[in-house]
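What follows is one structure encoded as structure tokens, with my remarks underneath.
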Amino acid sequence: MIVILKKGTPRVKIEEMIRSLDKMDIKVQEIQGVHECVLGLIGDTSAIDPEDLRSMDIVAQVKRIQEPYKKANRKFHPENTVVDVCGRKIGDGHFQVIAGPCSVESREQMVAVSHAVKASGAGLMRGGAFKPRTSPYAFQGLRQEGLELLLEAKKASGMPIVTEIMDASHLPLFDDVDVIQVGARNMQNFELLKTLGKIDKPILLKRGLASTIDEFLMSAEYIMAGGNSKVILCERGIRTFETATRNTLDISAIPILKKRSHLPVIVDPSHAAGIRWMVEPLSMAAIAAGADGLIIEVHNNPEKALCDGAQSLTPEDFDTLMGKVRSAVTFFGKSMD
Ligand code: PEP
Ligand code: MN
């Protein structure tokens, strides 16, 4: 971090600042120019908020040289992280497809969808029990009963399950869940992230609707700072001026996240598009851009779905898509086992 001091800053003030940084184990390299004094801060500056420095009277400018995330940063962990979910590996050449309905609705639905997506080659099954809905009057999910139906489907199909948590107090209900999803709306629910940092379970962290890449990685850092390094990042589209799609899939996020971080990156083309027919082209684009997996909504009867029917694939559509996914994944040198 570089701190440029205002012209004419008195020596005593500079010494005072150097002493207070020293207390934080930050060494200072001072460069005294003709008119300006520049301080180079050496050490772990991740705990320093540049805004705190900017608010000081003697400071003209502050520039961060290093990213404030350490544990999620590829610079400090050059190898790709592989997250293993019950033997299904994600990352470093291992590609996984997570599929299932937006919401768990009934036993019949879960049985039908889980068998279908398994037969088509999905590695993990999704299904929301606690649903973050824009309207309080919309279907909120079957909650605890939904989790029980998911666990039944897991037993019957043998597929690990992925489901969203909305409140840290629900964590005891998630004991048998294999991957806990943090939805876009909770990406910056820092208390929830801290709680999930203390458990030993993979976390699927979705990018917030209007979050930058740095904010996204800082949220991953929250989980990792607590000791849980099993984080899977998920690009699911962001808010832009465009209204033709539900969100705008930020394809650039995939290579950028993979450059800056060692964590696996998967893509959710369903919530990005909001439209069934776009799931396939966006899936292909995600694979080409380097994604380590996909999470796709599949419903046995999309027209009757209680949530997100318009973007849900039928099991038949999903089967066709999986054929294409398999070819593309192989073409790009990854494996799906
Ligand atoms: C979901 O996956 O069901 C979901 C609500 O997604 P997001 O948090 O990305 O909107
Ligand atoms: Mn959904």
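The values are calculated or read from the model by the stated rules, or taken from the named source; none is laboratory data. Everything numeric in this text was worked out from a predicted model, so none of it was measured. Here the Cβ is made from the backbone with ideal geometry for all residues, glycine too, and neighbour counts use every protein chain on show. Just the protein is used for accessible areas: all its heavy atoms, side chains included, with ligands, DNA and RNA removed. Shrake-Rupley method; radii C 1.70, N 1.55, O 1.52, S 1.80 Å.
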Residues satisfying the stated conditions in the range 288-307, i.e. open to solvent by 10 Å² or more (accessible area, probe 1.4 Å) and more than 11 Å from ligand 2 (Cβ to nearest atom): 288, 289, 290, 300, 301, 302, 303, 304
Any hit, the range 187-194, residues being within 16 Å of ligand 2 (Cβ to nearest atom), modelled with pLDDT of 95 or more and more than 22 Å from residue 125 (Cβ to Cβ): yes
Conditions (1) open to solvent by less than 60 Å² (accessible area, probe 1.4 Å); (2) within 16 Å of residue 5 (Cα to Cα): number failed by residue 45: (2)
Residue 48, sole failed condition from (1) within 27 Å of residue 256 (Cβ to Cβ); (2) in contact with a Cys (Cβ under 7 Å, 6 or more places away or on another chain): (2)
Complete set of residues in the range 245-270 that are away from ligand 2 (no atom under 16 Å from the Cβ), in a strand (DSSP E or B) and touching a Ser or Thr at 6+ places or on another chain (Cβ under 9 Å): 248, 261
Subset of the range 195-226 that is surrounded by fewer than 18 Cβ atoms within 10 Å (Cβ to Cβ) and not in a helix (DSSP H, G or I) - its residue that is nearest to ligand 2 (Cβ to nearest atom): 209
Failed condition for residue 242, given (1) free of Cβ contacts under 8 Å to residues at least 24 places away in the same chain; (2) closer than 27 Å to residue 216 by Cα; (3) within 16 Å of ligand 2 (Cβ to nearest atom): (3)
Positions within the range 134-146 being within 12 Å of ligand 2 (Cβ to nearest atom) and open to solvent by 70 Å² or more (accessible area, probe 1.4 Å), in sequence order: 134
